[in-house]
Amino acid sequence: MKPAPFQYHAANSAADAAQLLGDLGDDAKLISGGQSLAPMLAMRLVRFDHLVDISRVADLRGIDRNNGTLIVQAATPDVLVERSDVVVASVPLLTKVTPLIGHFQIRNRGTIGGSIAHADPAAEYPAVAVALGAQMECLSVRGTRMIDAADYFVGIWSTSMESDELLKAIHFPVWSGRVGFGVAEFARRHGDFAIAGAVAAVELDSGNVISRCSIAMFGVSGQPERALSAESHLLGSSVGEISPEEVGRLAIADVESPSDDANMPATYRMSVAASTVATAWTNALTEAHHG
Amino acid sequence: MADTTVGIPTVSVTVNGVLRRGTPEPRKTLADFLRDDCELTGTHLGCEHGVCGACTIFMDGEAVRSCLVFAVQAEGADITTIEGLSAPDGTLSVVQKAMNEAHGLQCGFCTPGFVVSITALLRDNPDPSDEEIRQGLSGNLCRCTGYQGIIKAVKIAAGQSVDANGKAH
Ligand SMILES: Cc1cc2nc3c(=O)[nH]c(=O)nc-3n(C[C@H](O)[C@H](O)[C@H](O)COP(=O)(O)OP(=O)(O)OC[C@H]3O[C@@H](n4cnc5c(N)ncnc54)[C@H](O)[C@@H]3O)c2cc1C
Ligand code: FES
Ligand code: FES
């Protein structure tokens, strides 16, 4: 269980990290919190000639509210997201999901950008990014570009970033008004990756009509899945018109290729997913009502 | 920061108040650096991939897996290992005493990681509920005790009264 040899480069800034990635080419990999990469290196599932460390890069850490957007720098550790007053006031869904990520020892080092760039299908942060329509700010020697969350996650552990690009920051839209957020997941033990889970966001108008909503599932397929047809049914309906169970059924109907393996047949995983959608949706509605 | 150029960087870390320097290979984990180079073998390695928690240490005040940090990444860090939790004269810490009292260990392999995690847990939440204790311990595995003694130890260390079954009154 020892990683293969590599050369170590501690980046001084985001630009320095991008330069190192550009210069070193495909044999280089970023290391942020190391909570996914270090195990994969130890098990020799992957090996790289060069690791570029961004865990101490000051301009890759920090949380800022800019009008209607919350900007979280990629190498901000989960624990700072969990404890941030700005986050809970702006994008409380992040505050709700963070305690579900692994254990506190993992969240002390793991970073939000690492989780999103790693793109594990069962991870919580990617689902939040997809549900809220976050924008990924990506940096390379060629410049900066924004990628919409809907176009970012392309499959298990893969994103639409190029290998010389780094995720610089994640821009989350702030929902305000009569809004509520919910998360639910089912895992064998607290801190394990979920078998399936869901996040939900809702905005109600003064007449308790659903004026905006979003639901995303995780763990159900190769990438987070937005429940678009469930959302279109809900939009414009009154609270309670469509039952949470029906929302769950509609949501899983959108999943084209559910994960299917010997331990967890697709039918079982989908029924877990439907029930987590129902719970997350109910929680979101309750919060919007009483928020 | 460690040297960014090719070659083997020099690392200086403070471990239990003592400055340690070394030139570990970049692939050497902080856990192996502590055990092999600093000869502090209280930090145990079970899984070496982040799951078991036996290697948990304090790094800059927070409990982390030392098997998931490379020693070169710890340049300038302030580390506390299990050896640094008892007093210099060997007097056990509150958590260590409670583990002893509650039979929170059998073979002891997992114990250093548990003691570090419990110390961090109680620092951040001095009076945890049953649920919070269980969640707080979920990142540490024990193959011997069945956990009840460990949970009882957390309660004792937190100053909560417990009966013989570890239930709070
Ligand atoms: C025991 C255990 C339990 C866990 N449970 C959960 C869980 O329940 N839910 C969950 O979501 N996660 C879980 N994780 C994973 C954890 O959240 C990781 O922290 C996260 O997946 C990766 O973040 P990191 O900062 O550690 O990234 P690293 O491990 O450093 O990197 C992961 C990958 O992302 C790339 N990368 C990192 N940062 C960037 C960047 N800024 N730009 C481009 N690429 C980048 C790296 O090159 C690497 O390929 C668990 C981990 C462990 C060890
Ligand atoms: S040895 Fe580090 S978590 Fe198991
Ligand atoms: S006491 Fe043996 S593993 Fe915990």
Q. Of all DSSP beta bridges located in region A:7-53, what percent are antiparallel, nearest 5?
A. 0
**Q.** Peptide A:52-59 - average C-beta neighbours from other chains (10 Å radius)
**A.** 2
Q. When the Karplus curve 6.51 cos²θ - 1.76 cosθ + 1.60 is applied with θ = phi - 60°, which whole-Hz ³J(HN,Hα) does each residue of region A:260-266 get, with x for Gly and Pro?
A. 9, 9, 4, 6, 9, x, 4
**Q.** Computed over region A:1-140, Kirkwood Rh from alpha-carbon pairs, angstrom
**A.** 15.7
(Q) Contact order normalised by length for region A:178-290, with contacts defined as Cα pairs under 8 Å and 6 or more residues apart; what percent is it? (A) 36
**Q.** Accessible surface of region B:19-169 [probe 1.4 Å, protein heavy atoms]: carbon and sulfur percent
**A.** 49
Q: Provide the FRET efficiency to the nearest 0.05 for the residue A:208-residue A:58 pair, computing r from the beta carbons and using R0 = 45 Å.
A: 0.45
Q: Inverting the mean 1/r over all pairs of different Cα atoms, compute the Kirkwood radius of chain B and quote it in Å.
A: 16.5
Q. Which percent of the accessible area of region A:1-123 is formed by carbon and sulfur heavy atoms (probe 1.4 angstrom)?
A. 50
(Q) Percent of Cα-Cα pairs more than 12 Å apart in region A:7-53, please. (A) 59
Q: Evaluate the Debye formula for region A:114-158 with equal point scatterers sitting on the alpha carbons, no solvent, and hand back log10 of I(q)/I(0) at q = 0.15, 0.21, 0.29 Å⁻¹, in q order, two decimals.
A: -0.35, -0.66, -1.09
Q. Viscosity 1.306 mPa s, temperature 10 °C: Stokes-Einstein D of region B:94-158 from its Kirkwood Cα radius, in µm² per second?
A. 141
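Taking square-rooted eigenvalues a ≥ b ≥ c of the alpha carbon gyration tensor, is region B:79-131 rounded, prolate or oblate, where a/c under 1.5 means rounded and, failing that, a/b exceeding b/c means prolate? Write down the numbers at each step before the final one.
Values: a/c = 1.60, a/b = 1.21, b/c = 1.32.
Oblate shape, in that a/c is at least 1.5 and b/c is the bigger or equal ratio.
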Q.
Taking the Cα centroid of region A:151-176 and of region B:13-87, what is the distance between the two, rounded to the nearest whole Å?
A. 32
**Q.** Separation of the residue A:263 and residue A:83 label points, Cα + 7 Å toward Cβ, nm
**A.** 3.3
Q.
Rounded to the nearest 100 Å², what is the buried accessible area between A and B, both sides summed, probe 1.4 Å?
A. 3000
Q.
At 1.567 mPa s and 4 °C, plugging the Kirkwood radius over alpha-carbon pairs of region B:3-84 into Stokes-Einstein gives what diffusion coefficient in µm²/s?
A. 104
Q.
Hydropathy at least 0.0 by Kyte-Doolittle, axial extent at least 18 angstrom from the Cα trace: which helices of chain B, defined as entire DSSP H runs, fit?
A. B:111-124
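Report the gain in length on full extension from residue A:239 to residue A:256: 0.36 nm times residue separation, minus Cα-Cα distance, nm rounded to one decimal.
Difference between extended and current length: 3.3 nm.
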Q. Which residues make up the longest stretch of chain A clear of GluC sites (Glu not before Pro) that lie in a DSSP loop with no more than 16 other Cβ atoms within 10 Å, not counting the sites?
A. A:1-161
Q: Provide the solvent-accessible area of residue B:51, counting protein heavy atoms only and rolling a 1.4 Å probe, rounded to the nearest 10 Å².
A: 60
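Rounded, prolate or oblate, given the Cα gyration tensor of the protein assembly as shown, with a/c below 1.5 counting as rounded?
Taking the square roots of the gyration eigenvalues as a ≥ b ≥ c, the protein assembly as shown is oblate.
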Q.
Given a 1.4 angstrom probe, what's the average accessible area per residue across chain A, in square angstrom?
A. 39
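When a/c is below 1.5 the answer is rounded, else prolate if a/b is larger than b/c, else oblate, so apply that to region A:89-139 with a ≥ b ≥ c taken from the square roots of the Cα gyration tensor eigenvalues.
Note, shape of region A:89-139 comes out oblate.
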Q) In whole angstrom, how far apart do the alpha carbon centroids of region A:241-291 and region A:85-109 sit? A) 22
Q | Additional length obtainable on full extension of the chain from residue B:131 to residue B:143, 0.36 nm per residue less Cα span | A | 2.2 nm
Q: Give the Debye-formula value of log10 I(q)/I(0) at each listed q (0.12, 0.14, 0.20, 0.21 Å⁻¹), with one equal scatterer per alpha carbon of region A:61-173, two decimals each.
A: -0.36, -0.49, -1.05, -1.16
Q | Contact order normalised by residue count of chain A, Cα under 8 Å, 6+ apart, percent | A | 16
Q. Roughly what % antiparallel, to the nearest 5, for the DSSP beta bridges in chain A?
A. 85
Q. So what are the three principal axis dimensions of region A:126-255 from its Cα atoms, in whole Å, longest to shortest?
A. 51, 36, 26
Q) Tell me, what is the 1.4 Å probe accessible area of residue A:32, in Å² to the nearest 10? A) 20
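Per residue of B:66-75, count partner chain C-beta atoms within 10 Å of its C-beta, then hand back the mean as an integer.
That average works out to 5.
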Q. Residue by residue through region A:124-133, which ³J(HN,Hα) values in whole Hz follow from phi under the Karplus form 6.51 cos²θ - 1.76 cosθ + 1.60 (θ = phi - 60°), with glycine and proline marked x?
A. 7, 4, x, 5, 5, 4, 5, 4, 8, x
Q. Can you give the average number of partner chain beta-carbon atoms within 10 Å of each beta-carbon in peptide B:10-17, as a whole number?
A. 0
Q. Among the residues of region A:185-204, which ones have their accessible area go down by 20 Å² or more when all the protein chains sit together, as opposed to their chain alone (1.4 Å probe)?
A. A:189, A:190
Q: Determine the relative contact order of chain B: mean sequence separation of Cα pairs under 8 Å and six or more apart, normalised by residue count, in whole percent.
A: 21
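The values are calculated or read from the model by the stated rules, or taken from the named source; none is laboratory data. Just so it is clear, the structure is predicted and the values come from calculations on it, not from any experiment. When we count neighbours, we look across all protein chains shown, and the Cβ atoms used for this are built from the backbone with ideal geometry, even at glycine. Surface areas here come from the heavy atoms of the whole protein model, side chains and all, with no ligands, DNA or RNA. Shrake-Rupley method; radii C 1.70, N 1.55, O 1.52, S 1.80 Å.
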